[in-house]
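Chemist: Let me begin by handing over the structure; questions about it come next.
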Amino acid sequence: QTGPVIDMPVPASFNDITQDPNLENYIGWVWYEKEVLLPRRWLQEDLNTRVVLRFGSAHYYSIVWVNGVQVAEHEGGHLPFEADISSVVQGSPGIPCRITVAVNNTLTPHTLPPGSIQYMNDVSKYPKNYFVQNIKFDFFNYAGIHRPVVLYTTPSVYIDDITVTTTSSENIAMVQYQVSVVGSALYSLSLSLRDQEGKEVATGDGSAGELKVLDPNLWWPYLMHENPGYRYSLEVKLQAQVNEALLEDIYTLPVGIRTVHVTSTQFLINGKPFYFHGVNKHEDADIRGKGLDWPLVMKDFNLLRWLGANSFRTSHYPYAEEIMDLCDAYGIVVIDECPGVGIKTAESFGNKSLQHHLVVMEELVRRDKNRPSVVMWSVANEPASQLPAAAHYFKTVIAYTKALDPSRPVTFVTEANNALDHGAPYVDVICVNSYFSWYHDQGHLEVIPLQLMTQFENWYKAYQKPIIQSEYGADSIPGLHSDPPLMFSEEYQKALLKEYHSVFDKKRKEYVIGELIWNFADFMTNQGTTRVLGNKKGIFTRQRQPKSAAFVLRERYWKIANESSCLPPIIKSHIHFL
């Protein structure tokens, strides 16, 4: 022990829990430790039991020890990692299991997201060895163990991975599966697919094959069908004989049957045009920072559905699996983004960065590949894609992502000029961020229609690919009013949105396939002269209360949903009375 010990809740960011300003902005190693008693039946070595320690995520770099023995090391702050700790804990029942985790939130030019440590060497202005963490992204670099930590067991022969893809036509769907087993080459696998009533609709066996489903219930997005988010249950049962013992491992995977296809002007889900009317989010809230918090998660989903939002992007990193589960269940469509935000320097486009980026995409695809809600991968947000090195970089990352998962389109989100963007040739859908009349032409709402129309037409002329307005918006301080509208007032935020919407309404008849507001809710950032306790571009406050703009967006989103030819009369009448 080298310093004071603080009780720290998990999951949570450590930054906002105490009154210590040094912890709020701390950069470097922190240590977590906890002792647990494991069930005696887990610890008998002859039972062919494997004990696993799993972290939902920890930001950014983690090293894990159990009883003083290192069991895991992981780079990356937003994806799960686990360790088989059987050999460390078995054979010593009754002894507490001590779990120690060292977590470091330092960001470098080669991390994802990147950052840099800057030493301030002017001793007339700064103490000796004074440094700051520089980042090129606009959200607070919260740190700690952000998601649940669990201990679980499997047999020594176990189901390691399942990959499911689906196709459908007319009244038949095919569910293709691949199961990987670890621990033995001698085993049998049986599969059973059941509907939501528990009725078995298909069976299979072996480690690869396909299941035929007659008259399937497809997985549909929210507001596109009266029964969105329909999922079957695929039960995979493994049996293996080891030393005269019969081992059994059973895993149940929710399966949504749906297809995704992109044309030059449309995004098709189950063959029908889908228009993204949704939001960008953050995992961010008072006190808990980026820590998973169930009441907050449920509040956010209730607000999304109240808003009439059918989609969101996981800006700017993968969100908790618990959030993704609810997207699958509620039919909320997801653009699944990796932590590739703030890639701004030539150094961050080098081979070291590229190699890590590929590992991150592999971890993300492995985690989320079976989710029907995930319809597209995003490999970056606002990179310096005008740099020549971006061409090879994004060609490689996108090709690798498609090799990992050929079933989904891939994009990245750009703010570059379409004529200078070296990454755009490799994406399937163009995602563009723009802040007309906010970061430039401040206060001049009248220039938005011309500038936005020009943006869309230039991008489409260059690439003939469908376009999503992946960010747009304005800061507003809740309760600040001004008429005529002035910047930072609720009226200005509303007026800016309406200018954008008028252009969206023209272009969505052609090739614009979506609009995602920045942002769902206010969120914390680094301190700066343009940030008043964080970014205020939310249509909800950080406490999830609506600003005026939320009602503008709600009226718009329900109107768009109501126009959709995909909606049955029952849904249309429901919308009418809202």
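Chemist: Rg/Rh for segment 479-530 to two decimals, with Rh computed the Kirkwood way over all alpha-carbon pairs.
Modeler: Reported Rg/Rh (Cα atoms, Kirkwood Rh): 1.08.
Chemist: Pairwise over distinct Cα atoms, reciprocal of the mean inverse distance: report the Kirkwood radius of segment 12-154 in Å, one decimal place.
Modeler: So the Kirkwood estimate lands at 17.1 Å.
Chemist: Are there GluC sites (Glu not before Pro) in segment 140-200 that DSSP marks as loop and that have at most 16 other Cβ atoms within 10 Å, and which are they?
Modeler: Here the sparse-neighbourhood loop sites are GLU170, GLU197.
Chemist: Can you tell me the Rg and Dmax of segment 331-415, counting just the alpha carbons, in angstroms?
Modeler: 12.5, 40
Chemist: Along segment 185-202, what does the Karplus equation 6.51 cos²θ - 1.76 cosθ + 1.60 (θ = phi - 60°) give for ³J(HN,Hα), rounded to whole Hz, x for Gly and Pro?
Modeler: 9, 10, 6, 10, 10, 10, 10, 9, 9, 10, 7, 5, 8, x, 7, 6, 10, 6
Chemist: Which lysines does LYS537 reach when only Cα atoms under 17 Å apart count, and residues fewer than 8 places away in its own chain are ignored?
Modeler: LYS281, LYS494, LYS498, LYS547
Chemist: Also, quick follow-up: Kindly provide the trypsin sites (Lys or Arg not before Pro) of segment 105-142 that DSSP labels as loop, not H, G, I, E or B, and whose Cβ sees at most 14 other Cβ atoms within 10 Å.
Modeler: Answer by residue number: LYS125, LYS128.
Chemist: Which percent of the accessible heavy-atom area of the chain goes to carbon and sulfur, probe 1.4 angstrom?
Modeler: 52
Chemist: Calculate I(q)/I(0) for segment 311-378 by the Debye formula, one identical point scatterer on each C-alpha and no solvent, and give its log10 at q = 0.20 Å⁻¹ to two decimals.
Modeler: Rounded to two decimals, the profile gives -0.78.
Chemist: Amide H neighbours of THR541 under 5 Å, at least 5 residues apart or on other chains, H built in the peptide plane: list them.
Modeler: The answer is ASP522, LYS547.
Chemist: In Å and from the alpha-carbon atoms only, list the Rg and Dmax of the chain.
Modeler: My reading of the Cα-based Rg and Dmax gives 24.8, 82 Å.
Chemist: Now a separate question. What is the distance in Å between the Cα centroid of segment 248-324 and that of segment 71-144?
Modeler: With segment 248-324 and segment 71-144 each reduced to a Cα centre, they are spaced 27 Å.
Chemist: Lys and Arg at +1, Asp and Glu at -1: add these up for the other residues within a Cβ distance under 12 Å of LEU211 and post the number.
Modeler: -2
Chemist: If every alpha-carbon in segment 221-326 counts as one equal scatterer, what log10 I(q)/I(0) does Debye give at q = 0.10, 0.16, 0.18, 0.19 1/Å?
Modeler: Ignoring solvent entirely, the Cα scatterers give -0.46, -0.91, -1.05, -1.12.
Chemist: A further question follows. Run down the aspartates and glutamates and flag those whose C-alpha is under 19 Å from the C-alpha of LYS559, throwing out any fewer than 8 positions away in its chain.
Modeler: GLU226, GLU499, ASP505, GLU510, GLU515
Chemist: Across 5 Å bins from 0, what is the distribution of all Cα-Cα pair distances for segment 272-564, in whole percents?
Modeler: Spelled out per bin, shortest first, that is 1, 5, 12, 16, 19, 18, 15, 9, 3, 1, 0.
Chemist: Let me check something: with ligands and nucleic acids excluded, how do GLU244, GLU235 order by accessible area (1.4 Å probe), largest to smallest?
Modeler: Correct descending sequence by accessible area is GLU244, GLU235.
Chemist: Next up: Looking at segment 1-103, which chymotrypsin sites (Phe, Trp or Tyr not before Pro) are DSSP coil and have at most 16 other C-beta atoms within 10 Å of their C-beta?
Modeler: Here the chymotrypsin sites (Phe, Trp or Tyr not before Pro) that fit, given the DSSP loop and packing criteria, are TYR26.
Chemist: What is the sum of charges around ASN433, taking Lys and Arg as +1, Asp and Glu as -1, for the other residues whose C-beta is under 10 Å from the C-beta of ASN433?
Modeler: Local charge sum for ASN433: -3.
Chemist: In whole Å, largest first, what are the principal axis extents of the Cα atoms in segment 155-255?
Modeler: That works out to 53, 21, 20 Å along the principal axes.
Chemist: Express in % the proportion of alpha carbon pairs of segment 66-126 at distances exceeding 16 Å.
Modeler: 64
The values are calculated or read from the model by the stated rules, or taken from the named source; none is laboratory data. Please read these numbers as outputs of a predicted model, since none were measured by experiment. Don't worry about glycine lacking a Cβ; one is built from the backbone with ideal geometry, like all the others, and counts go over all protein chains shown. Ligands, DNA and RNA are excluded from the accessible area calculation, which covers all protein heavy atoms including side chains. Shrake-Rupley method; radii C 1.70, N 1.55, O 1.52, S 1.80 Å.
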